[in-house]
1. Would you please name the residue that is nearest to A:Val16 (Cα to Cα), looking only at residues in segment B:51-101 that are away from chain A (no Cβ under 14 Å) and part of a loop (DSSP other than H, G, I, E, B)?
2. Could you figure out which of (1) more than 13 Å from chain A (Cβ to nearest Cβ); (2) small (Gly, Ala, Ser); (3) crowded, with 16+ Cβ neighbours inside 10 Å isn't true of B:Ala48?
3. Anything in segment B:1-39 that is facing chain A (nearest Cβ under 9 Å), in contact with a Lys or Arg (Cβ under 9 Å, 6 or more places away or on another chain) and of a type in the set (Gly, Ala, Ser)? List them, or say none.
4. In segment B:29-42, how many residues are out of contact with any Phe, Trp or Tyr (no Cβ under 9 Å at 6 or more places or on another chain) and assigned to a helix (DSSP H, G or I)?
5. I'd like the full set of residues that are exposed (fewer than 15 other Cβ atoms within 10 Å of the Cβ) and over 13 Å from the mean Cα position of the chain (by Cα), limited to segment A:75-88.
6. Among the residues of segment B:14-25, are any within 23 Å of B:Ala93 (Cβ to Cβ), free of Cβ contacts under 8 Å to residues at least 60 places away in the same chain and either in contact with a strand residue (DSSP E or B) (Cβ under 7 Å, 6 or more places away or on another chain) or not in a helix (DSSP H, G or I) (or both)?
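Throughout, read-outs are computed from the coordinates displayed, never taken from laboratory work. Keep in mind the model is a prediction, meaning the values are calculated, not measured. Neighbour counts are summed over all protein chains in view; Cβ atoms, including those assigned to glycine, are modelled from backbone coordinates with ideal geometry.
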Number of protein chains: 2
Amino acid sequence: MLENHPQPHEIKLENVLFALGNPLRLAILQSLAQRGEQSCNALRGEIAKSTMTHHWRVLRDSGVIWQRPVGRENLISLRRDCLDQRFPGLLDALLTAATQR
Amino acid sequence: MLENHPQPHEIKLENVLFALGNPLRLAILQSLAQRGEQSCNALRGEIAKSTMTHHWRVLRDSGVIWQRPVGRENLISLRRDCLDQRFPGLLDALLTAATQR
């Protein structure tokens with residue numbers, strides 16, 4: 001496991017909901033679910049790198065994403081297996097709801 | 001409809017998730033789902049009234065609860081119908097996940 005990522009049993013519902021209780025982080029969740037692993041730079045688009053550092057930390061610390069360094073890039077992916085194991089059905093319900101907002 | 005409560009179509013997923021991304025507010029959700037409408041005083045238990053004013057506002061503004069005055073009390077209930085209509089299946093998935101934390 002990468003450093004600074006909670007283990008599956010350490011993932012807390014309130015932290016996951018807090019992490020996704022933000023329009024930008026919710027959009028990142030949708031992008032990761034639809035397109036799989038992507039680089040930080042690809043995901044952030046026009047948003048400043050320094051702004052995103054905070055968002056990556058919230059998503060990573062809550063257990064929503066993996067963040068792994070590859071060369072000079074950081075790659076981001078959804079921890080779907082961990083989330084599905086910890087809270088069965090929740091991620092799908094959230095993704096369905098996100099399409100309805 | 002009571003004042004200061006969003007209409008169903010105004011309920012935003014990110015606001016609902018933010019509202020529930022807190023252990024105390026998540027516990028209130030569970031209590032309302034299990035026991036139905038309750039007074040603010042019954043729900044807050046030992047927690048200071050002033051602390052709870054903030055939490056009621058977050059839950060109300062996000063569309064998670066109804067708050068209605070009856071005599072000198074405020075009664076709180078879950079906006080289950082509105083949430084189910086806006087985001088079908090989400091509330092049940094959240095309540096199931098909440099029992100697993």
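1. Out of the qualifying residues, it is B:Arg79.
2. In the conditions (1) more than 13 Å from chain A (Cβ to nearest Cβ); (2) small (Gly, Ala, Ser); (3) crowded, with 16+ Cβ neighbours inside 10 Å, B:Ala48 misses (3) alone.
3. B:Ala19 - this is the single residue of segment B:1-39 that is facing chain A (nearest Cβ under 9 Å), in contact with a Lys or Arg (Cβ under 9 Å, 6 or more places away or on another chain) and of a type in the set (Gly, Ala, Ser).
4. At the first step, the residues of segment B:29-42 found to be out of contact with any Phe, Trp or Tyr (no Cβ under 9 Å at 6 or more places or on another chain) are B:29-36, B:38-39, B:41-42.
Checking the rest, the ones that are also assigned to a helix (DSSP H, G or I) come to B:29-35, B:41-42.
Residues that pass the stated criteria total 9.
5. The answer is A:Asp84, A:Gln85, A:Pro88.
6. Within segment B:14-25 (the criterion being within 23 Å of B:Ala93 (Cβ to Cβ), free of Cβ contacts under 8 Å to residues at least 60 places away in the same chain and either in contact with a strand residue (DSSP E or B) (Cβ under 7 Å, 6 or more places away or on another chain) or not in a helix (DSSP H, G or I) (or both)), the answer is yes, since at least one residue qualifies.
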